[in-house]
Amino acid sequence: MTSKTIQNPSRRDFLKTVGVASTVTATACSVDPISWDPLVPQELAYPYVIQPEAIVPGVATLYSTRCNQCSNACGVVAKVREGRVINLEGNDHDPFNMGKLCGVGQSALLENYSPDRIKTPQKSGSDTNIADVVKEIAALIKGGSKPVWIGRNRSGASAAIVDQFINAYGGTRIFWEPLGNESQRYAVDQAFGGNYNTVPTYNMEHAETIISFGAEYLGDWGHNVKNHMGWADSRDAERKHGKIVPRSAGNVSQTISVGPRIGLTETSSDVHLFCNPGTEALVAFALAKKLAEKTSYKSNPAVSKMLVNIDADANLKEANVNVEAFNKAVARLAASKFVALPGGVVASMNESTVAIAALLLNEVGGSFDGSHPTVEFGKEDVSDMGTAKEIFDVLNQADSNTVLFVDNTDLVYQLGKTLDVSGSLSKFGAVVHFLNEPNDSVTKTSNCYVIPKGTSLETWGDAEVFIGNHILQQPAMRSTEGFDIISAEDVLLGIAQTNGTIAITPAPVLEEGEEQGAKEKEAATGEETELVPLPVASPIPDLDQQSFYSYLKAWWKSQIFENKSDTNNGTSFAWSSNLVKEILNVSVVGNLDFTRFWIEALKTGGVFSKNQKTIRPAFALTKVPVNKKAEGNTFLFPHPQVGAGTVANRSWLQETPDPITTFSWATWIEVNPKTAKELKLTKPKGASIIIDNTTLNVGWFGSPGVKEGQFALVMGNGHNNSGRYARYGANPVSAMKLAFDPSGALVYPVVSASVVATEDRNAPSHQNHLTKSDTLTRNGRGVNHTVSIEDIGKGEEKLKERLAPLMKKNQPELYERALKVEHASIVPEHHLPPDSMAVRARHTLDVYKKNQTTVPEEKRTLIDMYPEPDHPTYRFAMAIDLNRCNGCGSCEAACYAENNIPIVGPEEIRLGRRMGWMRLSRYWESPNAVATETEDDSIVDVRFQPVMCQQCSHAPCEGVCPVLATYHNLDGLNAMVYNRCVGTRYCANNCPYSARRFNFHTYRWPDSFNMMLNPDVLTREMGVMEKCTFCVQKIREWKDLKRDKYEFSEAQKIQPTDAEELQNVVPCGKNCPSGAITFGNKNDLESKVSKAFKDERGYLMLGELNNKPGVAYLARIVHTPSEIHGHGGHGDGHGDGHGDGHGDGHDGDHKDDHGHKDEHGHKDDHGHKDDHKKEDGHGH
């Protein structure tokens, strides 16, 4: 009977059996559902019981807020999914960052979800509660302790509440940034003779020549995003003064740099004037003197008097400058509108003097004048800015009757050996740190309090960096469960209210003109008139507000909404007309109530204005300031990603390779290759540098960008207690006794140091000296090209020269035909010969399709043996303008954020297993790097090239995949099906662009980082290949929105607005600070990306392979003759992602490609765990 039932069950019996089996299976799985595979993380999904009204699952909500990772306070838009922020992009409404966002700004996500975040208030290293902290601090202040505030720059209501609190108790407030601009404020006051409380605003987009004296303006110097865009616009042949104009070679600026090192900014220069460390000011003074002589400058007597006291020849001799290159620079400045940019860390030995010298040079060159001045004053109010010297004085006077508030500033790390900072902090009655992550200044002493202040994505705030440009910061998400955060502003309100302290309302005043009118009335009537002044509202809210949100809202009402002008400089705010007409849609301000104004300001991200009133002060200084002589061979420079170390605990920034050295997760020195050889530094080994009896273990890189006998040492890493990602490398500042210049700014001195080779491993990188793969001239591969400025606009002329053989063969018809269909290129690459059969093939194509469809001239191409796949509506493509790209790496950070790319850490980096989908190749083509017979070090030719999957139409990777895990779709994308991939890596071996990445492990994120992952992108596991997808998830989202907006028809598939909308689809293009990346539909012949493919500077990487890439590059424009510059090859990082074998960039030095053997059992800070043993280089 039982046998019969099993063999022929009834429907009822079958359903019973299935139900029981399902129950048993579920029960078994619930005990340990993933016990069979410890590498697969357990995931729990909880459905909404009651769905919040503001959340639509799967649909993102956007919040306008601000970035607070540096003092520039860029407007950003936070993308929120299911209540958590998953991405950040620039706010298009902000006129100063113009919708762009640097890599540091994007890393704010990492701060928000940091696994090292402080969850609850602490006292002496133990958890406490905020109520007790407020009571204890309030009692100290009420008992007579004076409050002192030291912290990052603030403005707007965020600064007003601090000032009001500190002033109420007679304390001291210092706003300070580690790499601030104190020296420029000091220089303005000294040069113009007054107290202007402003710094220069540089408009590089108006310049024909840009010259910098150690200023890393494409790094973390000044308003970096504004600088990036201004520099890029100045180099664009189709832009003038930031506006689109007809193409002209005269629109392309020339850049000159002066300093002892070729760093990231200097690599974008056309000419570099090497000088001894600390002599940048001498070169600037000499340039001003020679320029004045050449142009017969006599405009300002004070300037002429100063110029008389400058000995240009003596300055050049002391600076050891190439005189011939210097004279050419003088001629260039005399013939063009220029901007001179002063100083930075490298020039900090005499930073204030450099700033004065740059102002003098700008004055002589007329940079302050004209309809488009390159330097303006008065746009920024820096009266609140403090100095490092003021902090030093406060710490030196520490006592138990002072309460020190430290706002997100690591004094121990930043001030080095200047004084015993830790000892000074222990002397205060209390030290209250407002932090989200720990830092080296936090101790376990009894007076140390730590308050988790919350990130800019969780709290309210604002900023006003440029006068009248107000940016709002609103919470885009609630704080993570289990976190007890409170903003610094709310703490101050709590202390004030505990002590019963509120602001003092100003005394009533008479309205303007009322007193004079009363006197005139008395004179006319003879009767005495009694004047009763009306009370006025407090200029800022009182400290009795319930929360900082209430304070902020009241401040905005009184200071912005009700205040029609700025009393400091009389500027009439431009927000009135802009906001009312463009956003609020009301006719006059009087129709606008504050509630509506507030809501619309929140939506927009603030009240934006670019029309600040400027001033034109007269140069008054006559005495040449003293330039201190540097005695040493070693100087510092800021880390290209983490700067002075304030954002060192950001894994994306640590993993992003340095554009010059390709190092990551480390501290290193740059040394001339000849010096490295003398010191017997070897490639796989590291080095030690000894400074003032302190030994630092560092990596080393052989760079022709440093003069012989000198060492450039990077700062920013080597923290002791600032999080798991900040501990790598060493802290050079800790080995130095810093000083102060006349402005009170920190001086990072040029010191004497010795370097010795060690047996330690070098810094994580694929290589550490220039090898054959670093130069294009040596290996002869045409992947990165430059074009001479002399050839701009000569595409048709070059094409005719190329087609001249057809005329010689008496084939005028084919010649005319070829002129219409051939690419009019000025790129010095290999072109197909003007063969008559190729031209006839195009004619045959026309005849073949004569009765089927009309083939536009633009679309006529060669007939391939393998026809290009059909793309009926879209052929998504990308164009990268190498003339605008400067190697900053923001695109790499954006890619990490959007696509859930794992952080692999330094050990995996050493094995060539970096997972980033974008690679920033660097090629060093300067004469002193590629030709030993020349000593000309003034010509700079260092090229950067973002490389990702080229989305080829004839993709070599597709045909070799045995499981069809990669295929070509109708949108022109080389798509991936991760679930099909079995990890043969055939596709990576067949990709000529080294664009694919293989998962050697199932990489883990710290638990808190899981909250940050993009739910639209699958996380990949061990054994799966991955690559750039052109952010297909964003394309799908855009197409869905498009379907909602339009009704499609066969005749109307491409809308006019598509091109502009598509540009912002890919995060790398949206956030690129210099606007180098263009994305769009190549099928739309009017789109920017389609035109880029046909641009005279356009070319395809390895186009001779006929892979039909979907990425076009626009060659960089150079000011030197084309014969000086070489062609292209495979740069460092070639083989990135192939694993062990290809990590060295094919330099010929590696012993074998796939014969490595290592045993993995590590579990590090990145959460990686790998228990398998690898017997070969393939990881099998």
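General remarks:
- Summing +1 for each Lys or Arg and -1 for each Asp or Glu among the other residues whose beta-carbon sits under 11 angstrom from that of residue 197 gives -3.
- Exposure proxy order (Cβ contacts within 10 Å, fewest to most) of 353, 409, 501: 501, 409, 353
- Converting the Cα gyration tensor eigenvalues of the range 686-725 into ellipsoid dimensions via √(5λ) gives semi-axes, longest first, of 23, 14, 9 Å.
- Where labels lie 7 Å past Cα in the beta-carbon direction, separation of residue 596 and residue 807 in nm: 6.8
- Translational diffusion of the range 634-769, µm² s⁻¹ [Kirkwood Rh, Cα pairs; Stokes-Einstein; 25 °C; 0.890 mPa s]: 164
- Distance (nanometres) between label positions extended 7 Å along Cα→Cβ at residue 498 and residue 56: 4.6
- Debye-formula intensities of the range 62-112, expressed as log10 I(q)/I(0) at q = 0.25, 0.31 Å⁻¹, are -0.90, -1.28 (one equal scatterer per alpha-carbon, no solvent).
- Residue pairs, from the table 240/379; 290/628; 294/317; 337/820; 100/1027; 100/683, whose Cα atoms sit over 29 Å apart: 337/820; 100/683
- The range 61-136 and the range 632-687 have Cα centres lying 28 Å from one another.
- If you plug the beta carbon distance of residue 683 and residue 622 into 1/(1 + (r/R0)^6) with R0 = 51 Å, you get a FRET efficiency near 0.40.
- Using only Cα coordinates, the Kirkwood hydrodynamic radius of the range 628-712 works out to 13.9 Å.
- Percent of Cα-Cα distances greater than 17 Å, calculated over the range 668-707: 26
- Residue order, fewest to most beta carbons within 10 Å, for 149, 668, 1038, 555: 1038, 555, 149, 668
- Once both labels are positioned 7 Å from their Cα atoms along Cα-to-Cβ, the gap between residue 120 and residue 397 label points is 3.8 nm.
- DSSP beta bridges confined to the range 200-376 are antiparallel in about 20 percent of cases.
- Taking each residue as 0.36 nm, the span from residue 1041 to residue 759 lengthens on full extension beyond its C-alpha to C-alpha distance by 95.7 nm.
- Per-q log10 I(q)/I(0), the range 77-203, q = 0.22, 0.23 Å⁻¹ (Debye; single scatterer per alpha-carbon; no solvent): -1.31, -1.33
- Net charge of the neighbourhood of residue 462, taken over other residues with C-beta under 11 Å away and scored Lys/Arg +1, Asp/Glu -1, is +1.
- Ordering of 973-980, 69-76 by burial proxy (mean other Cβ atoms within 10 Å per residue, highest first): 69-76, 973-980
Read-outs throughout are calculated quantities, based only on the coordinates presented, and are distinct from any laboratory measurement. What you are looking at is a predicted structure, and each value in this text was computed from that prediction instead of being measured. As a convention, Cβ positions derive from the backbone with ideal geometry for all residues, glycine included, and neighbour counts pool all protein chains shown.
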